[in-house]
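> Before anything else, here's the structure in question.
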Amino acid sequence: MFKAGSHKTFQCQACRHQTSLIAGTLFQSTKLPLTVWFLAIYLISQAKTGLSSLALKRYLGVSYPTAWLIHHKLMEAMSERETNYTLSGQIQVDDAYFGGELSGGKAGQGLRKQGAFCCGADA
Ligand SMILES: [Zn+2]
């Protein structure tokens, strides 16, 4: 076992194959500490109105391109998993808006400029 970059790499003594604990996960080949990723997952999953890459950049203290990449990788992973499910039986539906709040406008007008989406869940 040895350290290559910021994450531990393991090598098989028989065939010298190298792998790491994050190989095959969406964290594969990341140079960031996993704690940054976990914080990002927490922030994104707790943000009721969605979280922009810019907000993520501020919370995590990383560059904008890094925040953008983290954001997109996590959203992609979540959408990939969601496609495994098909709703059935009694379904409850709710609506919401995304796109962040617009400054300078009245609340009602601001909302109309945001994207609307619907989500449903098995009851
Ligand atoms: Zn081996």
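> Looking at the range 21-32 only, could you name the residues that are loosely packed, with under 13 Cβ neighbours inside 10 Å and among the small types (Gly, Ala, Ser)?
If the condition is that a residue be loosely packed, with under 13 Cβ neighbours inside 10 Å and among the small types (Gly, Ala, Ser), then Gly24, Ser29 are the ones that fit.
> Also: Residues Thr35, Thr9: which one is more than 30 Å from Cys118 (Cα to Cα), away from the ligand (no atom under 16 Å from the Cβ) and either surrounded by 12 or more Cβ atoms within 10 Å (Cβ to Cβ) or modelled with pLDDT of 90 or more (or both)? Show your work before the answer.
Values: Thr9 fails: away from the ligand (no atom under 16 Å from the Cβ).
Sole residue among the options that is more than 30 Å from Cys118 (Cα to Cα), away from the ligand (no atom under 16 Å from the Cβ) and either surrounded by 12 or more Cβ atoms within 10 Å (Cβ to Cβ) or modelled with pLDDT of 90 or more (or both): Thr35.
> Given the options Tyr59, Tyr64, Tyr42, name the one that is more than 14 Å from the chain's Cα centre (by Cα), aromatic (Phe, Trp, Tyr), modelled with pLDDT of 90 or more and more than 16 Å from the ligand (Cβ to nearest atom). Quick ask: steps written out before the conclusion?
Working: Tyr59 fails: more than 14 Å from the chain's Cα centre (by Cα); Tyr42 fails: more than 14 Å from the chain's Cα centre (by Cα).
Within the list Tyr59, Tyr64, Tyr42, the selection yields Tyr64.
> Here's a follow-up. So, in the range 7-39, how many residues would count as being β-branched (Val, Ile, Thr) and over 23 Å from the mean Cα position of the chain (by Cα)?
Taking the range 7-39 and keeping what is β-branched (Val, Ile, Thr), we get 9, 19, 22, 25, 30, 35-36.
With over 23 Å from the mean Cα position of the chain (by Cα) added as a condition, the list becomes 9, 19.
Going through the range 7-39 one residue at a time, the tally reaches 2.
> If a residue has to be part of a loop (DSSP other than H, G, I, E, B) and exposed (fewer than 14 other Cβ atoms within 10 Å of the Cβ) to count, how many in the range 48-67 make the cut? Lay out the reasoning, then the answer.
Of the range 48-67, the ones part of a loop (DSSP other than H, G, I, E, B) are 48-52, 61-63.
Right, trim to exposed (fewer than 14 other Cβ atoms within 10 Å of the Cβ) and you get 48-49, 61, 63.
Result for the range 48-67: 4.
> Would you pick out the residues in the range 68-94 that are in a loop (DSSP other than H, G, I, E, B) and touching a residue at least 12 places away in the same chain (Cβ under 8 Å)?
Going residue by residue through the range 68-94, those that are in a loop (DSSP other than H, G, I, E, B) are 83-90.
Hits for the range 68-94 are Leu87, Ser88, Gly89, Gln90.
> Would you pick out the residues in the range 72-96 that are polar (S, T, N, Q) and exposed (fewer than 10 other Cβ atoms within 10 Å of the Cβ)?
Let us first name the residues in the range 72-96 that are polar (S, T, N, Q), namely 79, 83-84, 86, 88, 90, 92.
Across the range 72-96, the qualifying residues are Ser79, Thr83, Asn84, Thr86, Ser88, Gln90.
> Looking at the range 8-26, I want the residues that are among the basic types (Lys, Arg) and have a partner that is within 9 Å of the ligand (Cβ to nearest atom) and in a loop (DSSP other than H, G, I, E, B) with Cβ atoms under 9 Å, at least 6 apart or on another chain. Which pairs are those?
none
The values are calculated or read from the model by the stated rules, or taken from the named source; none is laboratory data. If you're wondering where the values come from, they're calculated on a predicted model, not measured in any experiment. Here the Cβ is made from the backbone with ideal geometry for all residues, glycine too, and neighbour counts use every protein chain on show.
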